[in-house]
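Just so it is clear, none of the values below were taken in a lab; they were calculated from the coordinates. Just so you know, these numbers come straight off a predicted model, no measurement behind them. Cβ sites come from the backbone with ideal geometry, for glycine too, and all protein chains shown count toward neighbours.
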Amino acid sequence: MKDWINFPLVVRIQDIRIFAYCRNWVWITVSTFKKTLNFKRLRCFHTVAIEGSFTQAAHALGVGQPSITTHVKALEDDYGIELFARHGHNIELTDLGRSLLAITHRIFSLEEEAVGALTEASGLHTGHLKIGAIGPSQVTDMILAFGRKYPDVELSVALGNSQDVLSRILNFQDDVGILPLESEEGRLHSVPFGENRIVLLVRTDHRWADLKEISIHDLEGERFVLREDGSATRHAFEDALAKANVSIKPVLAIGSRDAVREAVANSLGIGIALEDETLRHERLKTLRIADADIILHPHVACLEDRRNAPMIKAFLDLVAETAQDGAS
């Protein structure tokens, strides 16, 4: 009998190593079974996570709720995991569900880019561009100009403070966002446009109402209604106060411009606002700060990796053209 020829044979099946010792040469056939990801189930999960309920997801996808429930449950059963914690009729993403949502944001964002690339040759006739902004007045002119040039592209706008807008860009929830300042986030590409001055809001019966401007030092000890901590407008104003060594009395922080205006109109304090976004109000007056130019320089931003996606590039090019026309 011939002696055994001992040597290790290593076959890699995904993360499993099989070691065998063979006599002379032995032909080994290995069958592997790899799970494939069902994208219909993944889309159902993504839509439920975005909409916050199975009912709303079914409405968004135009299918029956039982179908959505079945697909999400099948996805969970396939991998023996839980993506949603169920509390009666309420659902909440688990930690794993939140991690998967971050991935599906990228997946379906890339799907939209693929559609955009395929339709670019036909003149960008279709598609959906998602825009984030901190106020409607920021984005109205851009939307009108883009809509005239690309009338069949669907546009949607999500409003929030600067931190909300930045987060939605980074998480692939929005394609582009209008930020009040250039972000230091290294993953972004941005295009500057215009500038916006911060002004004061006072009631028409305030002692300053007949003035056009006041000194920043006159603000010492005054009661103020401010935006929430994530507001770039608030941060810029507070930085200017610190540089001038001026202290105010914040009495209220509110998460919307309209709420700030109403609080000032109801005598809760002085407010701040962006001059270009200050609408006429029968009980309010705006004042400039004479010795402190507190000016924001807005930028339209997107992820650096997505700047050449057809619809995003078209929007950024339009913004750059508009900014150039405004400067000339």
Calculate the spin-label point distance for Ala323 paired with Val63, positioning each point 7 Å from the Cα along the beta-carbon direction, and give it in nanometres.
-> 4.2 nm
Largest-first semi-axes in Å of the equivalent ellipsoid built from the Cα gyration tensor of region 196-295 are 17, 16, 13
Specify, per residue and in Å³, the volume enclosed by the convex hull of the alpha carbon atoms belonging to region 35-123.
-> 106 Å³
Nearest 10 degrees, 0 to 90: helix 232-243 Cα axis against the chain principal axis = 60 degrees
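Tell me which GluC sites (Glu not before Pro) from region 241-328 have a DSSP coil assignment and no more than 13 other beta carbons within 10 Å of their own. Walk me through the intermediate numbers first.
On the way: sites: Glu262, Glu275, Glu277, Glu282, Glu304, Glu321; in loops: Glu282.
Those that pass, being in a loop and sparsely packed, are Glu282.
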What percentages, rounded to whole numbers, describe P(r) for the chain computed over all alpha carbon pairs with 20 Å bin width beginning at zero?
-> 24, 41, 24, 7, 3, 0
Note on region 166-230: C-alpha Rg/Rh, Kirkwood Rh, two decimals, gives 1.12
With Cα springs under 10 Å, the Gaussian network model of the chain assigns the largest mean-square fluctuation among Thr286, Thr70, Thr233 to Thr70
Proximal aspartates and glutamates to Lys130, defined as alpha-carbon separation beneath 15 angstrom and excluding residues fewer than eight positions away on the same chain = Glu111, Glu112, Glu113, Asp152, Glu154, Asp164, Asp174, Asp175
Would you give the gap between the C-alpha center of region 249-328 and the C-alpha center of region 114-193, rounded to a whole Å?
-> 16 Å
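One quarter of the convex hull surface, Cα atoms only: what value does that give for region 207-255 in nm²?
On the way: hull surface 15.1 nm².
The Cα convex hull of region 207-255, projected and averaged over all directions, gives 3.8 nm².
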Give the range of the longest stretch in the chain that excludes all trypsin sites (Lys or Arg not before Pro) found in loop regions by DSSP and having at most 11 other beta-carbon atoms within 10 Å.
-> 36-206
Bin by bin, in steps of 10 Å, what percent of the Cα pairs in region 245-302 do you find, going until the bin that has the longest distance?
-> 17, 47, 31, 6
Residues of region 212-230 with backbone N under 19 Å of the label point set 7 Å from the Cα of Arg288 along Cα→Cβ are 212-219
Label-point gap, in nm, between Asn38 and His235 - each point 7 angstrom along Cα→Cβ = 4.4 nm
The answer for the net charge of residues other than Lys149 whose Cβ lies under 12 angstrom from its Cβ, with Lys and Arg +1 and Asp and Glu -1, is -2
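Between Lys149 and Ala85, how high is the FRET efficiency from 1/(1 + (r/R0)^6) when r is the Cβ-Cβ distance and R₀ = 45 Å? Nearest 0.05.
Between Lys149 and Ala85 the formula returns 0.50.
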Val139 neighbourhood, Cβ < 13 Å, K/R = +1, D/E = -1, net charge -4
Using only Cα atoms, tell me the angle between helix 95-120 and the longest principal axis of the chain; keep it within 0 to 90° and round to the nearest 10.
-> 80 degrees
Across 5 Å bins from the origin, how do the percents of Cα pairs in region 87-220 run, short distances first?
-> 2, 8, 13, 15, 15, 14, 10, 8, 6, 4, 5, 2, 0
Mind checking the angle between helix 65-79 and the chain's longest principal axis? C-alpha axes, 0 to 90 degrees, to the nearest 10.
-> 60 degrees
